[in-house]
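All of the numbers you see were taken from the coordinates with simple rules; none came from a lab. Fair warning: this is a prediction, and the values are worked out from it, not measured in the lab. Quick reminder, even Gly has a Cβ in these numbers, built from the backbone with ideal geometry, and neighbours come from all protein chains shown.
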Amino acid sequence: MAKLTGVDVGAHNTKESCWVIVHGKAYDVTEFLPEHPGGSKIILKYAGKDATEEFDPIHPPDTLDKYLDKKFHLGEVDMSTVEVEEKQVDADEAARLERIKHMPALDQCYNLSDFEYVAKQVMRRTGWGYYSSGADDEITMRENRTAFHKIWFRPKILIDVEKIDMTTTMLGSKCSIPFYITATALGKLGHPEGETVLTRAAAQHGIIQMIPTLASCSFDEIVDAADGKQTQWFQLYVNKDRNITKRIVQHAEKRGCKGLFITVDAPQLGRREKDMRSKFADDGSNVQKGGDQDSIDRSQGAARAISSFIDPSLNWKDMPFFQEITKMPIVLKGVQRVDDVIKAVEHGMHGVVLSNHGGRQLDTAPTGIELLGEVMQELRARNLQDKIEVYIDGGVRRASDVVKAVCLGAKGVGIGRPFLYAMSAYGVPGVCRAIQLLKDEFEMNMRLIGANRIQDLTPDLVDTRGLHVHTVPTGNDVLYGGVYDPLVNPAFKAKANL
Ligand code: HEM
Ligand SMILES: Cc1cc2nc3c(=O)[nH]c(=O)nc-3n(C[C@H](O)[C@H](O)[C@H](O)COP(=O)(O)O)c2cc1C
């Protein structure tokens, strides 16, 4: 069949007949317009044109196959016949592009907050809004960070620390240091190559990567980017349709994933106001408009609508289903109470991640590090400490945080945003540098605390007496505080209301 041309597609540029091009193929979205979760207006902006660049970061690769009836897939377009449009650049975007030209050299980044500082200034507004936001007042998100400041070391002296071994195993897989890149959705909002950037950096450093269900790259693209030796885990959002869940879990196992992390803290996605605000376009008050409004509620952030498949009825009784469909070790990600850890042991889970989803779900939920002490105490009291691997995530920005968690009994810790920021600002070299900085810090911390191996990191090396006190002011973390993007109130309009 002859390919369509740019002129063919360009003729369908109205609400009455709307075609768009995505990845070199044309689609008739006329009937789909009113159903589009992102609203019809946004698609109409690309009516008759190539929408790939806008479409790509926020739609998983199989979106069109899954949701747009095959009869509307019109076939390939000869892209040499499609006019490349000069992009309109507004003042904010022009300033951002200028900042990119003046980015600090990578070797000027000495800690993870430096990457956040640079990313905040060079990322697109929507990407920054999605990555940096937390739920409601972002109290849990910030407490994730400050909780680590309430733990102090009790270093040992006069230990022979010439040799340091940071290697460990997590879920039976070897890794170079006890942290992993945790699952974070929509990687292409930060970098055009999305999650594969993290894969390549993880390979270079012997770090485990957890692949998210809601990745921008397809699952297979992320596995194909691996070097064949590195370890990858799979994070699962459980679909209402268990056949789909079964298929993707078994596919992950077949492709070599070594752990299944079922996210249990997100039966509904949290309300993240920075994300919502970054998407708000001030095009006048609704009252002034005619009856031409979308029926779609566009007030929610990027992930919320796209994750509507997540099953809120998921419960403990579903656990045998997962044990039947896979031999991968199963870990519950997002456990927030001591008794749920005990239940996880009773249900034969291999691990738990004590996590509040980076403060993006229930605000004022506890931090993983605070819970860790209580959890390990209870597990030891019941002699269950070897029956389950305990991980934490949230707010880890220094290797000393990792050391503290391991001292308290964590098998390892997950790190989310810092790697997204390093990726968004500097790509693979950025993520590699972020990992290397943590490795350097970790080795130094081990020496200064008097520990040679991971097994030497024991609870007596930390003082946690202040951890449960939420009101005591602790030393101000200037770097973190300096890059923290405060919530804001609505902006007044430049033009007066009529
Ligand atoms: C070729 C067709 C499509 C185009 C050009 C397109 C384009 C877009 C764009 C540009 C946005 C961003 C809106 C914003 O940031 O303000 C968006 C959002 C979205 N799209 Fe699509 N889309 C298409 C098809 C689909 C399909 C088939 C689905 C499947 C259900 C879908 C689901 C979504 C969702 C869930 C959002 C997020 C809504 C939000 O955050 O407010 N899109 N789309
Ligand atoms: C942008 C972003 C997207 C995330 N997406 C997911 C996800 O799809 N699934 C999931 O289980 N957790 C997700 N998380 C939570 C992380 O896995 C992790 O719990 C959290 O980021 C740890 O906190 P940190 O960012 O302070 O390191 C996401 C976090 C962020 C920041």
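The mean sequence separation of alpha-carbon pairs under 8 Å and at least six residues apart, normalised by the residue count of the stretch 362-468, gives a relative contact order of 28 percent.
Working from label points 7 Å from Cα in the Cα-to-Cβ sense, the Lys240 to Glu85 distance is 3.4 nm.
The ranking of Trp152, Trp233 from fewest to most other beta carbons within 10 Å of each one's beta carbon is Trp152, Trp233.
Calculated [222 nm] ellipticity per residue, helices only, for the chain: -10500 deg cm²/dmol; basis is -39500 (n - 2.57) per DSSP H run with n ≥ 4, divided by all residues, nearest 500. Our coupling estimate for the stretch 163-174, obtained by passing each phi through the Karplus curve with A = 6.51, B = -1.76, C = 1.60 and θ = phi - 60°, is 9, 10, 10, 9, 6, 7, 10, 10, 6, x, 9, 6 Hz, Gly and Pro reported as x.
Near the amide H of Tyr180, within less than 5 Å, lie the amide hydrogens of Val413, Gly414, Ile415, all on another chain or at least 5 residues away, with H placed in the peptide plane.
Taking only the C-alpha atoms of the stretch 119-250, Rg followed by Dmax gives 18.4, 59 Å. Rounded to the nearest 20, the Cβ-based charge dipole of the chain about its Cα centre (Lys and Arg +1, Asp and Glu -1) stands at 880 debye.
In this structure, the pairs whose alpha-carbon distance is over 27 Å, taken from Lys254/Lys274; Lys150/Lys317; Lys274/Lys333; Lys229/Lys327; Lys66/Lys246; Lys66/Lys343, are Lys254/Lys274; Lys150/Lys317; Lys66/Lys343. Scanning residues 5 or more positions from Cys18 or on other chains, those with amide H under 5 Å from its amide H are Val29, Thr30, with H placed 1.01 Å from N in the peptide plane. What's the center-to-center distance, using Cα atoms, between the stretch 220-271 and the stretch 1-77 in Å? About 29 Å separates the Cα centre of the stretch 220-271 from the one of the stretch 1-77.
Extending 7 Å from Cα along the Cβ direction at Ser218 and again at Asp311 yields two label points whose distance is 2.5 nm. Modelled spin labels at Asp65 and His251, positioned 7 Å past Cα toward Cβ, are 0.7 nm from each other. With θ taken as phi - 60° and the Karplus curve 6.51 cos²θ - 1.76 cosθ + 1.60 applied, the whole-hertz 3J(HN,Hα) list for the stretch 238-254 is 7, 7, 4, 8, 5, 5, 5, 4, 4, 4, 6, 5, 5, 5, 4, 5, 4 Hz, x standing for glycine and proline.
Here the chain carries DSSP beta bridges of which approximately 35% are antiparallel, counting only pairs with both residues inside. Computed from backbone phi, the HN-Hα couplings of the stretch 339-347 come to 5, 6, 5, 4, 4, 4, 4, 4, 8 Hz, rounded to whole numbers (Karplus: 6.51 cos²θ - 1.76 cosθ + 1.60, θ = phi - 60°; Gly and Pro given as x). Residues whose amide H lies under 5 Å from that of Asp50, counting only those 5 or more places away or on a different chain, are Ile21; hydrogens are built 1.01 Å from N in the peptide plane. Dipole check for the stretch 130-199: with +1 at the C-beta of Lys and Arg, -1 at the C-beta of Asp and Glu, and the Cα centre as origin, the magnitude is about 260 Debye. If a spin label sat at a point 7 angstrom from the Cα of Lys3 along the line to its beta carbon, no backbone N atom of the stretch 37-73 would be nearer than 13 Å. Placing a label point 7 Å from the Cα of Arg465 along the Cα-to-Cβ direction, the residues of the stretch 144-175 whose backbone N falls under 12 Å of that point are 152.
Find out how many positive minus negative residues lie around Lys3, taking Lys and Arg as positive, Asp and Glu as negative, among other residues whose Cβ is under 15 Å from that of Lys3. Overall, the nearby charge balance is -3. With R₀ set to 51 Å, the beta-carbon distance separating Lys163 from Leu384 gives a calculated FRET efficiency near 0.95. Taking 22 Å as the limit for the C-alpha separation, the pairs Lys3/Lys45; Lys25/Lys45; Lys71/Lys279; Lys49/Lys87; Lys188/Lys240 exceed it in the case of Lys3/Lys45; Lys71/Lys279; Lys188/Lys240. Positive end of the dipole of the stretch 6-81 (Cβ unit charges, origin at the Cα centre): among Gly6, Trp19, Leu74, the Cα lying farthest that way belongs to Trp19.
Residue ranges 392-400, 75-83 sort as 392-400, 75-83 when ordered by packing (mean number of other C-beta atoms within 10 Å per residue, highest first).
Within straight-line reach of Lys15, meaning a Cα separation under 20 Å, sit the following aspartates and glutamates at least 8 residues removed in sequence or on another chain: Asp28, Glu31, Glu35, Asp50, Glu54, Asp69, Asp283, Asp292, Asp294, Asp297.
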